[in-house]
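J.: Here it is: the structure, laid out below.
The values are calculated or read from the model by the stated rules, or taken from the named source; none is laboratory data. Source: prediction; values computed, not measured. Cβ: placed from backbone, ideal geometry, glycine included. Neighbour counts: every protein chain shown. Accessible surface is based on the protein model in full, side chains and every heavy atom, while ligands, DNA and RNA are left aside. Shrake-Rupley method; radii C 1.70, N 1.55, O 1.52, S 1.80 Å.
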Amino acid sequence: MLSQVDELIESKRRFAITSHIRPDGDSLGSSLGLYWLLRALDKDVEVIMRDPVPHSYQKLAGSEDVRVTPAVDRAYDAVFVIECSDITRPGLVDLEKQFVVNIDHHATTALFGTINWIDSTASAVGEMIYNLCKATGVRVTREIAECVYTALITDTGSFHYSNTTERTFKVASELVRAGVKPAKVSEAVFASYPWSKIELLGEVLSTVRRDETGSVAWMRQTLEMQERAGASEEDGDGFVNYPLTCDSVEAVALLKEKEPGVYRTSLRSKGDVNVARIAEQFGGGGHRNAAGCTLTGDWDEAERTSVRLLKDAVERRDGDIDTTEDALIQTESRPVRAEIRG
Ligand code: 5GP
Ligand code: MN
């Protein structure tokens, strides 16, 4: 929990921070936010990742300091693992030999750390890093604020998703006060794409299909399309959201061919339709409305499986929407929240 993290930071010196493979806005924003926080406390700290910083996040302060490595190859007093469902998600060899601090906002995370600080009411781990600034008394500098703000807008879909709460807006407001220019961050994250992404989008969208009810849609991104567009698999990030902008569509799958017969699959849904359960069945994970996993087989087989499971999820509607709100009411009196108000 937060107080243990606070004590650890105070008593130790040499830290590393890592997050999952193919890091996203929350993993990088939160990792770099924590990096600046620890630097402000004069700690010896580095961010290590298995994969390089994607183009969209290269303008974040400190992104050039991220060390890409396949293994934890130095000695640390502790390694902070940001938003990972289990200890294998960072993809770093020998991570389990370290003193691990697990910081996450997914309720489903395994308690793999020696310290586990999990707050499933936080819209992004970024919100938790902001709370940690308050707990440690570190001033929220412009660097920290921009990193945390990036985490918030990426994990809440620019404040569109149901994880957006009053607290998210309060934190965002504090970050703007600390110097964040929202338009500048949004442009860096959402309007700095390479043209290859737009070409790939044209191809991927042309494959969209929906079932007879109109509630389930699916698309494919083949290696051939990527090649034609000169794009990478990552260029397809975000495409899965397009079909969901149609009113009838409640669940979507985008299958991205990683190698023949292997598909990184992004799942998205609206409201109480739960796609995290589907992802978990295939060794993946995520949130009720945004999850991912890897499917195998030929294209038709993999698509049929996703469509069948998405249809089931739409019929079942077992993602209890009220959970987040209930959890929020419970945390209302926690000191962390009081600090944000003050
Ligand atoms: P995306 O579709 O953008 O790749 O992933 C959506 C969300 O699903 C991510 O934010 C992450 O929480 C989760 N996710 C995606 N892939 C995996 C995976 O392989 N394992 C786990 N545990 N979560 C995943
Ligand atoms: Mn997150």
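J.: Checking THR88 against (1) free of Cβ contacts under 8 Å to residues at least 12 places away in the same chain; (2) buried (at least 16 other Cβ atoms within 10 Å of the Cβ), which single condition isn't satisfied?
T.: (2)
J.: If you take the residues of segment 10-29 that are farther than 18 Å from CYS293 by Cα and basic (Lys, Arg), which of them is farthest from ligand 2 (Cβ to nearest atom)? If you could, list the steps in order and put the result at the bottom.
T.: Within segment 10-29, the first condition is being farther than 18 Å from CYS293 by Cα, and the residues that meet it are 10-18, 25-26, 28-29.
If we keep only those that are basic (Lys, Arg) too, we end up with 12-14.
Numbers: LYS12: 25, ARG13: 28, ARG14: 26 Å.
Ranking the qualifying residues of segment 10-29, first place goes to ARG13.
J.: Which residues, counting only those in segment 126-137, are closer than 18 Å to ILE103 by Cα and either within 13 Å of ligand 2 (Cβ to nearest atom) or in a loop (DSSP other than H, G, I, E, B) (or both)?
T.: Within segment 126-137, GLY126, GLU127, MET128, ILE129 qualify.
J.: Under the condition of being over 18 Å from LYS59 (Cβ atoms) and not in a helix (DSSP H, G or I), which residue from segment 22-41 is farthest from ligand 1 (Cβ to nearest atom)?
T.: In this case the residue turns out to be LEU41.
J.: Could you tell me which residue of segment 115-125 is farthest from ligand 1 (Cβ to nearest atom), considering only residues that are part of a loop (DSSP other than H, G, I, E, B) and not acidic (Asp, Glu)?
T.: Residues of segment 115-125 that are part of a loop (DSSP other than H, G, I, E, B), as a first pass: 119-124.
Still in the running and not acidic (Asp, Glu): 120-124.
On the way: SER120: 12, THR121: 16, ALA122: 13, SER123: 12, ALA124: 10 Å.
Looking at residues that are part of a loop (DSSP other than H, G, I, E, B) and not acidic (Asp, Glu), I get THR121.
J.: Tally up the residues in segment 164-187 that are open to solvent by 20 Å² or more (accessible area, probe 1.4 Å) and part of a helix (DSSP H, G or I), please.
T.: The total comes to 12.
J.: May I pose another question? State all residues of segment 45-82 that are in a strand (DSSP E or B) and not small (Gly, Ala, Ser); if no residue qualifies, say none.
T.: Here is the first cut: in segment 45-82, the residues in a strand (DSSP E or B) are 45-49, 67-68, 71, 78-82.
Result: VAL45, GLU46, VAL47, ILE48, MET49, ARG67, VAL68, VAL79, PHE80, VAL81, ILE82.
J.: Return yes or no: is LEU37 farther than 16 Å from VAL101 by Cβ and touching a helix residue (DSSP H, G or I) at 6+ places or on another chain (Cβ under 7 Å)? Steps first, answer last, please.
T.: Numbers: farther than 16 Å from VAL101 by Cβ: no; touching a helix residue (DSSP H, G or I) at 6+ places or on another chain (Cβ under 7 Å): yes.
It is false that LEU37 is farther than 16 Å from VAL101 by Cβ and touching a helix residue (DSSP H, G or I) at 6+ places or on another chain (Cβ under 7 Å).
J.: If you check ASP24 against the conditions, is it in contact (Cβ under 8 Å) with a residue 12 or more places away in the chain and either over 19 Å from VAL125 (Cα atoms) or open to solvent by less than 50 Å² (accessible area, probe 1.4 Å) (or both)? Before the answer, list the steps.
T.: Numbers: in contact (Cβ under 8 Å) with a residue 12 or more places away in the chain: yes; either over 19 Å from VAL125 (Cα atoms) or open to solvent by less than 50 Å² (accessible area, probe 1.4 Å) (or both): no.
The answer is no for ASP24.
J.: Checking GLU257 against (1) near ligand 1 (Cβ under 7 Å from one of its atoms); (2) in a strand (DSSP E or B), which single condition isn't satisfied?
T.: The number of the failed condition is (1).
J.: Report yes if TRP195 is within 18 Å of VAL273 (Cβ to Cβ) and more than 21 Å from the chain's Cα centre (by Cα), otherwise no. Outline the logic, then answer.
T.: Numbers: within 18 Å of VAL273 (Cβ to Cβ): no; more than 21 Å from the chain's Cα centre (by Cα): yes.
Against the criterion (within 18 Å of VAL273 (Cβ to Cβ) and more than 21 Å from the chain's Cα centre (by Cα)), TRP195 does not qualify.
J.: Of everything in segment 259-297, what is open to solvent by less than 20 Å² (accessible area, probe 1.4 Å), free of Cβ contacts under 8 Å to residues at least 60 places away in the same chain and not polar (S, T, N, Q)? Give them in sequence order.
T.: Matches in segment 259-297: TYR263, LEU267, VAL273, VAL275, ILE278, ALA279, ALA291, GLY292, CYS293, LEU295.
J.: Moving on to the next point. I need a count of the residues in segment 38-76 that are over 21 Å from LYS184 (Cβ atoms) and under 17 Å from the mean Cα position of the chain (by Cα).
T.: Going through segment 38-76 one residue at a time, the tally reaches 6.
J.: Let me ask another. Looking only at residues in segment 91-114 that are more than 21 Å from GLY284 (Cα to Cα) and surrounded by 18 or more Cβ atoms within 10 Å (Cβ to Cβ), which one is farthest from ligand 1 (Cβ to nearest atom)?
T.: Of all residues in segment 91-114, those more than 21 Å from GLY284 (Cα to Cα) come to 94, 97-101, 114.
Then drop every residue that is not surrounded by 18 or more Cβ atoms within 10 Å (Cβ to Cβ), which leaves 98, 100-101.
Values: GLN98: 20, VAL100: 16, VAL101: 18 Å.
Of everything passing the filter in segment 91-114, GLN98 is farthest from ligand 1 (Cβ to nearest atom).
J.: Quick test of your reading of the structure: ASP235 fulfils all but one of (1) in contact with a helix residue (DSSP H, G or I) (Cβ under 6 Å, 6 or more places away or on another chain); (2) acidic (Asp, Glu); (3) touching a residue at least 60 places away in the same chain (Cβ under 8 Å). Name the failing condition by number.
T.: Evaluating ASP235 over (1) in contact with a helix residue (DSSP H, G or I) (Cβ under 6 Å, 6 or more places away or on another chain); (2) acidic (Asp, Glu); (3) touching a residue at least 60 places away in the same chain (Cβ under 8 Å) leaves (3) as the failure.
J.: Something else now. Could you list all residues from segment 51-65 that are open to solvent by less than 70 Å² (accessible area, probe 1.4 Å) and touching a helix residue (DSSP H, G or I) at 6+ places or on another chain (Cβ under 8 Å)? Give the derivation first.
T.: If we filter segment 51-65 for residues that are open to solvent by less than 70 Å² (accessible area, probe 1.4 Å), which is where we start, we get 51, 53-54, 56-57, 60-63, 65.
Selection gives VAL53, PRO54, SER56, TYR57, LEU60, ALA61, GLY62, SER63, ASP65.
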